[in-house]
1. Relative contact order of the chain, please, whole-number percent, based on alpha carbon pairs below 8 angstrom and at least 6 residues apart.
2. Relative contact order for region 18-95: what percent, with Cα pairs under 8 Å and sequence separation of 6 or more?
3. Below 8 Å between Cα atoms, with a sequence gap of 6+, how large is the relative contact order for region 139-208 in percent?
4. At a Förster distance of 25 Å, what's the computed FRET efficiency of Lys32 paired with Asn113, Cβ-Cβ distance as r, to 0.05?
5. Restricting to DSSP H runs of at least four residues, report the calculated mean residue ellipticity at 222 nm for the chain, -39500 (n - 2.57) per run over all residues, nearest 500 deg cm²/dmol.
6. Once Cα Rg over 2.2 N^0.38 Å is worked out from the coordinates, which option in (1) 1.36; (2) 1.05; (3) 1.28 does it equal?
7. In degrees between 0 and 90, to the nearest 10, how far off the longest principal axis of the chain does helix 195-208 point, with axes built from Cα atoms?
8. Tell me, what is the FRET efficiency for His64 and Glu127 to the nearest 0.05, using R0 = 22 angstrom and their Cβ-Cβ distance as r?
Amino acid sequence: MNYYYDLVLNFDLDHLWHFYEWEKSDFLTYVKKIPLFRVDFETLRDFLLFHIKLDSSFVSEIAHKTIVNNQDETLEYAFLMSDAKNSLAVLLNEEGNVIALSSVLISDDNNINEFMYTLKERTLSYECLEKRNHRHELRQKEKLNQVIQIELSTLKREQNMNKLKYLYYEWFGHDETDFLKMYEDMQEALKNTEIETLEKISYLIRLSYHQV
């Protein structure tokens, strides 16, 4: 069996975070050694698009082969795969169901993909279950949207005209006096505003709660 050594993984039960979306609050796994397989493009694509159940023989093959942190700890069922262009770490349960995925840092991705050319492709036996839910926005943008959405709902409920006018001017660069129009304009703008503007508005919202 082939292995890859010394990498950081960010397994999440709900999302696959690309390495550039990782945050300090994420629970990172420091892996000393993990089974590595070369697969074809279709296999890698299936793991990204569907919930997957792997054959029990493969589960047994990789059991306790992933070592984390030190020689005394292991992940029961985990492995790394690549189609020589993209890499993906996979975490399973004992039934063979994929329970979490992780991307890898770009330096590891480059090393893994280069190493793939020395390996033969492995055909994995698996079943595609239901489709995965995929995000359409970056993680950071989703969080900014949420902060602004909550603030707009609060201002509408409290009918806080002054603060809504202030945010509206900072957002669009001109004044407006119709409360409902301001609220609706900002709600609509949330759908396609650039992340730089969202960061600015979110910062102003947070700042307003720290003013004495």
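1. So the answer I get is 20 percent.
2. 33 percent.
3. Relative CO of region 139-208 lands at 41 percent.
4. It comes to 0.75.
5. -12500 deg cm²/dmol
6. (1)
7. For 195-208 against the chain, the angle is about 60 degrees.
8. E between His64 and Glu127, to the nearest 0.05, is 0.40.
Laboratory data are not the source of any read-out in this text; all were calculated from the coordinates shown. None of the values given here were measured: they were computed from a predicted structure. We place every Cβ from the backbone using ideal geometry, glycine too, and count neighbours over all the protein chains shown.
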